[in-house]
Structures are given as structure tokens and as C-alpha cells.
Amino acid sequence: MCGIVGYTGKKKAAPILLDGLEKLEYRGYDSAGIAVRDGDKDATVVKAKGRLKVLSEKTDAGKAIKGTCGIGHTRWATHGEPSENNAHPHITDDFNVVGVHNGIIENYQQLREKMIRKGYKFYSDTDTEVAIKTIDYYYKKYTHDPIEALAKTMVRVRGSYALAVMFKDHPGKIFVARKDSPMIVGVTKDESFVASDVPAILKYTRNVYYIDDLEMACLESGTATFYNLDGDVVEKTPVEIDWDASSAEKEGFEHFMMKEINEQPRAVSDTLGSFVSSEDDKYKIDFTSAGFTDEEIKAFTQIYFVACGSAYHVGMAAQYVIEDLAGLPVRCELASEFRYRNMPIDKNTLVVIISQSGETADSLAALRKCKEIGIKTLAIVNVVGSSIAREADHALYTLAGPEISVATTKAYSAQLALSYVLAIEFASVRGTIDEEKKQALLTELVTIPEKIKKTLEDKERIQWFASKLAAQKDIFFIGRGIDYAICMEGSLKMKEISYIHSEAYAAGELKHGTISLIEEGTFVIGSLTQSELYEKTLSNLVETKTRGSYLMALTSFGNYSIEDQADFVVYVPKIDDHFAASLAIIPLQLMGYYVSCARGLDVDKPRNLAKSVTVE
């Protein structure tokens, strides 16, 4: 949520800030602003409500603003309505401190009251203005040292934050601080950059520094110095980003979502290829990078998947696969619920935290809770160096590359593929499958990318059908077992980008209340990829049809008798039932996309949503 970009160097700052903010539009925002300093002059601050293009027009694409040091921000409203007044950057009355902030200051009201007693006045409803004026207060009260002022503010603030501020007495410098909200720094020969995510600065440098919790930094032209909360200098090693700037461009596609749907074969292939290799016609799994030992794997008595949104749906599918193959009890928990529960957890439990960004607030808090009580953790993340990856006991990386569209597709598929590898490795080490079965599963597993390509070939037919659904009010998804997990993700895709109310139900629950919602013309999508559950789910679909539903069925090639019951059928290639979710989700992603397009909506930036949810 929200985006931060900062630049100091020899070039004009404003165009660079606007360019960086444009690369962060996917994070979700409702207003934007920049502040630029020209030498020792006061900062020029320009803000705009709405899309970034409004800010760009106000500043002539940044060309109207002089100065080589500046900060920019796209705001997603939390405290205070979307408006120019509440937009960042925020300033003190004398322009001594200008700053932007991602996150939420939980005790902002108490700090605000304290600052009012100290003579400060407030023009906005935001917690950020409170933070900026608190920094100003400590800066003026003590040694006029920006690092000390930031440190004193940090120990008095409760909540999450990524702060980037400029001080009147320190032209050409940007000071940053971080707790829980992501922040990266890039440095070249003559320039320094700060941003809340890699795409904002990737065209300028591939080497970035990750600021850890309760750390600060001072950026000057071509240098960055890092500090801990005591003000001591901290040495850091840069991380090289292995994907290029073109990966964050549309490359001829109308939307990032469609581009990323089509990138799924490569994302899955790259992810599998980093863990599964073939030698002498025999496959093997290499989890060396995760640091697992066979003894550890054998000692686990249960597994918890803890995640949010689509990552939670990955866990829902994975639990069926791991239970069946590895014989381990598995639970899947929403991170926002898990972190506040006081349930007994066996010390031999493995908690798997799944997050594309590696910065998801609830998932990070759940991980830290596990660490506090001594439970082993495994991170499945897409961003090297992210907080969850660094803090987990073990980490496995998906190789999906940058995902820009708010609605995840390729990250979901890469996470799902990696969960299969985890299931097979655990089953093999624990002796619940023999070598022959392991080889058979891996042989099937590596066919997933090509079979996704085959599934994508049906997109024109799906587009034609989706155009008929633009006026729907409700859509229901039903399935059993892994098909239920598929339906949960398919339903989320539909509702988040088309704004049509949709729900996913375990098909066997229809009789327990849900079927009362079915009436003439109600649209129902059934997923039937699990061979042992096919007949039961088909029976449930027929139950809805007798009550007037319009049916779409999603099943494997060969199940052609379903044409007698369903009004529209989508077929996916045959594959081992354990891996069916990787193919069946593709038509549902396409359905959501095409319905959204038919309704004339902004596919990549759905209303009220953000890509990376870094606050509660």
C-alpha cells in the first residue's frame, strides 16, 4: 500500500520522482505528491487528488519544478479522506521538515495532543503530519541532528512506518527510517535513490540495500550511510536484482494482468527448475538453499500454512496434497486470525508463511509470533531480501519475477508449484512414498508449464463466454477437495476485478443453506478435476440446475459426458489429480479478466485494493 520514491543527485529530481511513482501505481493509491529542493531553498511541494496523471499535468511532467533532491508519494487513505490536504508530502509551518510516510501510526492521537501542547498546529487529518511534526520537535529540542531526531521519534511511535524526510538545514540529503513497512535504497556513482519497492528504481540500478526494522539511513549524491536505533553506523551488503526493467512493463499487452497470466508457464518452469533437476533420466529435488535436514523433516508432527488472500488459497490446495502424500496433518490459517489466537501448537510443528512480497503485515506478524514461541518457520516468498524471507528459519523462493497487477496470477501459480515440490520432498524423506512413486510424481510435475500453455489456447472461447456475464449480480463457485480450493481462488479473482458478488462453496455444503440462493438464471461454476469426487460434484451441479441455474463446468479432457448437463464446458489437460489446481485456475483467471474488461473496469488497479498490504 502507498508508494515512496526519493532521489538525490545531479539530475532534475521531479521527473525521476514521477517516473518512479508511476512504476508503483500498482500498489494502490488515491492521491499523490512530490517535494523537491533546489539547493538551500525551501522545498517546493505539489499535491493532487486522484491519479498520478493529475500531478504530472500540474508540474508539466516534473519539468516545471527545479531541484535535484526530492521525495514523492502515492497515498492510500487510512487516516483522513482522499484530498490534496491529506496527501503527502507533509510539512512543518516553517518548512524545516518535509516528509512522506507509508504505514499507520497507532498512537498518533496521543502524539498529536502532545504536539498541540508544544505549540504545533495541524492542517490535515493524517497520522503522517503528526509524525513529521514530532520529528521536527525532537530535531529542534536536541542537537539539530536528523538521525537523533528520527531515533527519538521512532522510540515514541507505535505502529508501522517507512519514512523519508528532508531537513531545511541539510540540502541535498534525504533521511529515511523503517519499521515493518518495506524500504530499499539504491546507489550509483553520482545518485542515490530510495523507494518502497524495486520497480521504482530498477531502470537506474539493480543493486539495492534493504533497510531492516528500526534502522535509518542518510542518502547523499552517490552515497548512503545506514544507522541502528542507537545512531551507530551499520554496514550493509547490496543485493543484486536479477530481473530487468522490461519485466515491469506491459510489453504490448493491454493490461499487466493479461501479460502476467501469459507469463505463468515461464514462472512455474523457472520455479520448478530451481529445485528439480534431471540426471540420467532420473529427477531429484534439491532443497539445500532452504537449510532443511532430513532429521528436521522427519521430526515435524504437523504443518500450518499461514497466509492472506490468494496465498491462503495456495495453502488450501497444498494441504490436500501434503496430507495425501506425506501423511502429515495440515491446517491452513488466515494470518490475520492466526496472529491473535492463543491456540496450543506442538513444538514439532512447521509453520509455512506464504507471501508474494515478503512484507505482508499480518503474515509477518504471524511469523514473529511463531518465532517468539519457538516454532520453526518456512517462508515461501517471491522477493529476495524481504522481511519474511530474512526472519524465517528457512526460505524458499518462487521465481515469478515482478508482479504488477493487483490481482495475482503468476505468483499464485509459482507458489502452488513450489508447494507440490515441498509435498513430494516431505513424503519422500518421511518414507510415505517410494522412489518409483516419487519419480512418477516429478515426471508429471514438470509437465505443468506446457499444459498451462495448452490451457491458455482456449482464451478466445472463454472471452466470448465471459462477455455474456457482464450483467451478472451473483456468481457461485462449487467444488470438493482440491476443486474447492480452486474455486476459492477463482471466486476471489472474479470479485476483486469485476466487482461482481461471488462466493466459493464446498459442494457438499449446498444442502446446508447455500442452495436457497439458487434461482432462475443464477450463474454457477463447478470445478470437477478430482476423479474420485467427479460424480459427487456433478450431482451437486445437477441439483442447482434443477433449480434454474446456468452452469459452467471446468473439468479434464475426457469427461465429455458433462456436456449433457452443463451449458458451457472448459476442458484442461489431464494431469495427476494432486496438481490439477495449476491448470484449472487458468480459465478462472481468464474469466475474471474478461468479465472485468467487458464491464469497462480498471483491471490492474481495482478500487479500494492494494498490491502489497503492509498495514493491518
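Some notes on this structure:
- Between 105, 147, 91, the distinction of being closer than 19 Å to residue 217 by Cβ and aliphatic (A, V, I, L, M) belongs to 147 only.
- If you go through the range 148-193 and pick out every residue that is of a type in the set (A, V, I, L, M), more than 25 Å from residue 357 (Cβ to Cβ) and open to solvent by 10 Å² or more (accessible area, probe 1.4 Å), you end up with 2.
- Summed over the range 174-187, the residues that are touching a Gly at 6+ places or on another chain (Cβ under 7 Å) and part of a loop (DSSP other than H, G, I, E, B) give a count of 1.
- When restricted to residues that are surrounded by fewer than 19 Cβ atoms within 10 Å (Cβ to Cβ) and in contact with a helix residue (DSSP H, G or I) (Cβ under 7 Å, 6 or more places away or on another chain), the range 337-355 contains 1.
- Whenever a residue of the range 537-551 is farther than 14 Å from residue 521 by Cα and basic (Lys, Arg), it has no partner that is open to solvent by 10 Å² or more (accessible area, probe 1.4 Å) and at pLDDT 85 or above lying with C-beta atoms less than 7 angstrom away and at least six residues away or across chains.
- Candidate set: the range 559-590, residues that are of a type in the set (A, V, I, L, M, F, W, C), at pLDDT 95 or above and part of a helix (DSSP H, G or I); chosen: the one farthest from residue 254 (Cα to Cα): 579
- Candidate set from the range 446-479 (those that are farther than 10 Å from residue 595 by Cβ and aromatic (Phe, Trp, Tyr)); member that is most open to solvent (accessible area, probe 1.4 Å): 464
- Matching helices (runs of 4 or more DSSP H) fully within the range 90-173 where at least 3 residues are touching a Lys or Arg at 6+ places or on another chain (Cβ under 6 Å) and under 27 Å from residue 387 (Cβ atoms): none
- Residues considered: 333, 391. Of these, the only one that is out of contact with any Pro (no Cβ under 7 Å at 6 or more places or on another chain) and at pLDDT below 95 is 391.
- Against the list (1) surrounded by 23 or more Cβ atoms within 10 Å (Cβ to Cβ); (2) touching an Asp or Glu at 6+ places or on another chain (Cβ under 9 Å); (3) not in a loop (DSSP other than H, G, I, E, B), the condition residue 316 fails is (1).
- Checking residue 71 against (1) farther than 26 Å from residue 255 by Cα; (2) out of contact with any helix residue (DSSP H, G or I) (no Cβ under 9 Å at 6 or more places or on another chain), the condition it does not meet: (2)
- Taking the criterion of being part of a loop (DSSP other than H, G, I, E, B) and open to solvent by 50 Å² or more (accessible area, probe 1.4 Å), the residues of the range 255-303 that qualify are 274, 280, 281, 286, 293, 301.
- Residue identified as crowded, with 20+ Cβ neighbours inside 10 Å and in contact with a Leu (Cβ under 7 Å, 6 or more places away or on another chain) among 322, 404: 322
- Boolean, residue 492 is farther than 20 Å from residue 314 by Cβ and either of a type in the set (Asp, Glu) or open to solvent by less than 50 Å² (accessible area, probe 1.4 Å) (or both): no
The values are calculated or read from the model by the stated rules, or taken from the named source; none is laboratory data. Not measured: the values here are computed from a predicted model. Because the Cβ atoms are built from the backbone with ideal geometry, glycine has one as well, and the counts that use them run over all protein chains shown. Please note that ligands, DNA and RNA were not included when accessible areas were found on the heavy atoms of the full protein model with its side chains. Shrake-Rupley method; radii C 1.70, N 1.55, O 1.52, S 1.80 Å.
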